[in-house]
1. Taking the range B:361-380 as the search range and keeping residues that are within 14 Å of chain A (Cβ to nearest Cβ) and out of contact with any strand residue (DSSP E or B) (no Cβ under 9 Å at 6 or more places or on another chain), which one is surrounded by the most Cβ atoms within 10 Å (Cβ to Cβ)?
2. Is it the case, given these coordinates, that residue B:91 is modelled with pLDDT under 95, more than 20 Å from the chain's Cα centre (by Cα), within 30 Å of residue B:257 (Cα to Cα) and surrounded by 15 or more Cβ atoms within 10 Å (Cβ to Cβ)?
3. On the given criteria, is residue A:141 within 14 Å of chain B (Cβ to nearest Cβ), in contact with a strand residue (DSSP E or B) (Cβ under 7 Å, 6 or more places away or on another chain) and at pLDDT 95 or above?
4. Name the one entry in A:363, A:437, A:428, A:451 that is closer than 30 Å to residue A:32 by Cα and either assigned to a strand (DSSP E or B) or modelled with pLDDT of 95 or more (or both).
5. Anything in the range A:33-70 that is under 24 Å from residue B:76 (Cβ atoms) and touching a helix residue (DSSP H, G or I) at 6+ places or on another chain (Cβ under 6 Å)? List them, or say none.
6. Looking only at the range B:242-294, which residues are part of a loop (DSSP other than H, G, I, E, B) and in contact with a helix residue (DSSP H, G or I) (Cβ under 6 Å, 6 or more places away or on another chain)?
7. With the checklist (1) within 19 Å of residue B:203 (Cα to Cα); (2) crowded, with 24+ Cβ neighbours inside 10 Å; (3) in contact with a strand residue (DSSP E or B) (Cβ under 8 Å, 6 or more places away or on another chain) in hand, flag the one item residue B:305 doesn't pass.
8. Does residue A:135 meet the test of being crowded, with 24+ Cβ neighbours inside 10 Å, on the phi > 0 side of the Ramachandran plot, at pLDDT below 95 and more than 14 Å from chain B (Cβ to nearest Cβ)?
């Protein structure tokens, strides 16, 4: 019997998160006046205990027991050696898959949803609002809300809302509420609906709606929750990479290559940041965040100050951005349709510590089908982007005749995304192209903002 | 941190299946002449190596390495202590959940699908045909086929085919083919379509179609595969209970009560038979298979000789049966809509070793919602029946003030069944009633068959 799965015992779960802000330089978020904002500026949006984490530069932060108790439903997650996938690719590379799809909502998202729900509950909050693209984040927060008795209202990007009715059901099964975004329940939503009644929606719009719904609640008991991009979200995800390290150690391996898809950056951060720490400290690793060619935030967009949302409610963040009012083509990887990317991840690009790459939608689904037919697990469309690039690396290893250890984050399963697989199997999908004109025009939206400094962390 | 999850190491996976046929008496299957059939009568339908298992009375049967290597994708499966569910029920009972939902197709079904695909491959078979109700079995066999390079054709009960298009996508993603049953590709299907063009279909019809498609293939390279009922299928599922035993031993527990839903009986057999062995050898345990009131095979149907399929292609099996041409109401637990139940399970009822019970559809979904909101995992509609009865037992324990250890098999997740959850959440589900007249009439279909002996095994 081969050693297919590498597991950790329940008591081997990491007890601390790794905070990359301790080890890199970051441009500060700016307020409307162009000056760095203080923590208090975020108080209407987030509870103060999470704001403290957002601005913390402490390297290791304890995971509360209450959070560990809920993570224990599915963590530590298994790691599998993808023997059959390797064989199909005829590669000398050893491919290890960290399987984050085993959580109840089916992705890595609850790692931070549970933590955020916990801190909000501790702070006396009763209701959370959020946005969701593909639905992974919204259902994760609904799940986390059910664990802590919090109400959860989710604004779901319209195209996903229409394509994935089951995600709404999932949220409702956990007691949450799901609205199609843009909705008529917020000013931000109404403004967009008036201008573009047929819009497929975007994460930027949905974030605006969710922030507005939170800050406009006069009881003061509602806060907003974000599923990616921000420092504290990246922080909560590092449990993935910290577990992966322990698992690879058990089989005497250390990765040469790390691959994960990146929309806002959170599953990438989860698996990669603990290894970026090693890289800063001298280890040689190639680390690849993978995005869709249809929404090339990392590979084509400049490093600028821009808002995180369409209605410009958020502070200005220093990040690669396609422009906060850019609406990407309706590819089926809804979680990768964000105009920006995490400031920490953007900084790692500036630092040359990671190497962004892009693949097409069809290349991604082709990889997902091969993975399904070899390793059994049907990956999320987002995850397929990571697998597509893994195939390129595995083929390179074959061509170069090099043994390599590749670590890939399987950020989620595709069981709720089978609509898109059916489209692919019916040959009804194409490589949606960027609207270059719209892209160019969207750059106007940040041209008057201050320029971030190009910092070097190492 | 509490001990939420009980895991086994990969090398703790059981290496043998438990064969209950070694420990109980069974009426033999009969041929069209009313006489016991020999193994050769089944040769056009199954490969001889599986027929040997079907008739084996050897107590322990080795699991082939090739099967273990594929089971290792998701086995050993975790067991969770349902602390939050217990708390919500305010019960002194300790509830342990064996989580079979973590397999790629999302249920216990691949435990036997992988074994059956392996034995067929070994025997030189190239293509498998089968039926599926809710879609769990069909997708499990498509998955298993992809692992061994076998073609898989699945006849899916029409009502489920229409309600669950994603199951078809799942099968196709793994390279299988899925047809709505009754179909016009078989004589059995055409006969039904002519008489009842609007039929919702039934497992009995779909089985007939799949058998016909297998035996009519003149190349001799096609066989039929059944996902429940038969002895060898029950055998392959016992890995569940054998793992569960090891897991409960790790926390110093032995169950007082075992609960699993039962359609054909395979997930029930999986968790329960290794404990039935203990019970035969003197242990006291209450063991409950749970069925829907709308399809009360165990609780209302007599123990008779009847066919396993609508078109009477199968031998006569000694089992509780509602009549092989009975079409149960279209409840959403498609896997529990079978007219019969495993002969081994039927015999255990005769032996008073297990106690069948029935719950309604609404009681089942109510339990599923409570479980989702406490333990996070959204169960399959079939599994909800087991959870509904678990609630009854937990409440009984509270009323009696008794500590109890309850072991429940979470046979599958409901992520592909969210359509039915949405119906429930919208108050659009009802407790579909049996058509008593149709039920009475269906008894005619077995009245001329021989009567089985009422045997006592212990």
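The values are calculated or read from the model by the stated rules, or taken from the named source; none is laboratory data. None of these values were measured; they are calculated from a predicted model. FYI the Cβ positions are ideal-geometry reconstructions off the backbone, even for glycines, and counts take in every protein chain you see.
1. Looking at residues that are within 14 Å of chain A (Cβ to nearest Cβ) and out of contact with any strand residue (DSSP E or B) (no Cβ under 9 Å at 6 or more places or on another chain), I get B:365.
2. Details: modelled with pLDDT under 95: no; more than 20 Å from the chain's Cα centre (by Cα): yes; within 30 Å of residue B:257 (Cα to Cα): yes; surrounded by 15 or more Cβ atoms within 10 Å (Cβ to Cβ): yes.
Criteria not met by residue B:91.
3. Numbers: within 14 Å of chain B (Cβ to nearest Cβ): yes; in contact with a strand residue (DSSP E or B) (Cβ under 7 Å, 6 or more places away or on another chain): yes; at pLDDT 95 or above: yes.
Yes; evaluated as a whole, the condition is true for this residue.
4. Details: A:363 fails: closer than 30 Å to residue A:32 by Cα; A:437 fails: either assigned to a strand (DSSP E or B) or modelled with pLDDT of 95 or more (or both); A:428 fails: closer than 30 Å to residue A:32 by Cα.
Of A:363, A:437, A:428, A:451, the one residue that is closer than 30 Å to residue A:32 by Cα and either assigned to a strand (DSSP E or B) or modelled with pLDDT of 95 or more (or both) is A:451.
5. Of all residues in the range A:33-70, those under 24 Å from residue B:76 (Cβ atoms) come to A:68-70.
If the condition is that a residue be under 24 Å from residue B:76 (Cβ atoms) and touching a helix residue (DSSP H, G or I) at 6+ places or on another chain (Cβ under 6 Å), then A:70 is the only one that fits.
6. If the condition is that a residue be part of a loop (DSSP other than H, G, I, E, B) and in contact with a helix residue (DSSP H, G or I) (Cβ under 6 Å, 6 or more places away or on another chain), then B:262, B:263, B:265, B:285 are the ones that fit.
7. (2)
8. Details: crowded, with 24+ Cβ neighbours inside 10 Å: yes; on the phi > 0 side of the Ramachandran plot: yes; at pLDDT below 95: yes; more than 14 Å from chain B (Cβ to nearest Cβ): no.
It is false that residue A:135 is crowded, with 24+ Cβ neighbours inside 10 Å, on the phi > 0 side of the Ramachandran plot, at pLDDT below 95 and more than 14 Å from chain B (Cβ to nearest Cβ).
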